[in-house]
1. Taking the stated definitions as given, is Thr86 part of a helix (DSSP H, G or I), buried (at least 16 other Cβ atoms within 10 Å of the Cβ), over 17 Å from the mean Cα position of the chain (by Cα) and polar (S, T, N, Q)?
2. Of these, Ala64, Ala99, which one is at pLDDT 90 or above, touching a helix residue (DSSP H, G or I) at 6+ places or on another chain (Cβ under 8 Å), over 23 Å from Ser10 (Cβ atoms) and small (Gly, Ala, Ser)?
3. State yes or no: is Met106 part of a helix (DSSP H, G or I), of a type outside the set (Asp, Glu) and touching a Phe, Trp or Tyr at 6+ places or on another chain (Cβ under 7 Å)?
4. Based on this model, can you work out whether Glu70 counts as surrounded by 14 or more Cβ atoms within 10 Å (Cβ to Cβ) and more than 11 Å from the chain's Cα centre (by Cα)?
5. Could you grab the pairs with beta carbons closer than 7 Å, sequence gap of 6+ or different chains, first residue in the range 111-128 and closer than 18 Å to Asn79 by Cβ and assigned to a helix (DSSP H, G or I), second one modelled with pLDDT of 90 or more and among the polar types (S, T, N, Q)?
6. Quick test for you: out of Asn49, Asn44, pick the one residue that is of a type outside the set (A, V, I, L, M, F, W, C), surrounded by fewer than 19 Cβ atoms within 10 Å (Cβ to Cβ) and either at pLDDT below 95 or more than 30 Å from Lys31 (Cβ to Cβ) (or both).
7. Residue by residue through the range 15-33, note down the ones that are surrounded by fewer than 22 Cβ atoms within 10 Å (Cβ to Cβ) and under 18 Å from Met76 (Cβ atoms).
8. From the set of residues in the range 1-40 that are over 19 Å from the mean Cα position of the chain (by Cα) and of a type in the set (Gly, Ala, Ser), which is modelled with the highest pLDDT?
Amino acid sequence: MEKAGLVADSCTYGVLIHGWCARGNMKEASKLFKSMRDMHLKPNDVVYNIMVYGYCKEGSSYRALRLVKEMAENGMVPNAASYSLTIELLCKDGKWKEAVILLNEMLKSGIVPATKIFDMVSDTKLSNA
């Protein structure tokens, strides 16, 4: 694309990142995410949510949580799916403290999770106490 003299914008990066995430190739998605920033293009909430979904699908709770926190630092609010998927993955990894913190952040942002998220956090806390 660059060889043809075309410059990618945020939308183009978002589409490409989505494609890599959908294919389960987070290595390539991460490269594009970094490249986007290197080009001084700010990822929007849609791109962040796509990356969070990809990391959750991959099973990387640390990376998903890092991006959710980064979104908040940049003034964006993760969507309900990003919060819920990350909380669910944290619970599967036995990281109940991080799950509780993220659940509280979700509630503070005005997003009410499904009952199963509360149950999952509670069950994880009890089984790891």
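The values are calculated or read from the model by the stated rules, or taken from the named source; none is laboratory data. This one's a predicted model, so the numbers in the text were calculated from it and none came from an experiment. Virtual Cβ from ideal backbone geometry, glycine too; neighbours counted across all protein chains shown.
1. no
2. The conditions single out Ala99.
3. Answer is yes for this residue.
4. So Glu70 does not fit the description; no.
5. These pairs meet every condition: Ile117/Ser84.
6. Only one candidate passes the filter, namely Asn44.
7. Across the range 15-33, the qualifying residue is only His18.
8. Ranking the candidates gives Ala8 first.
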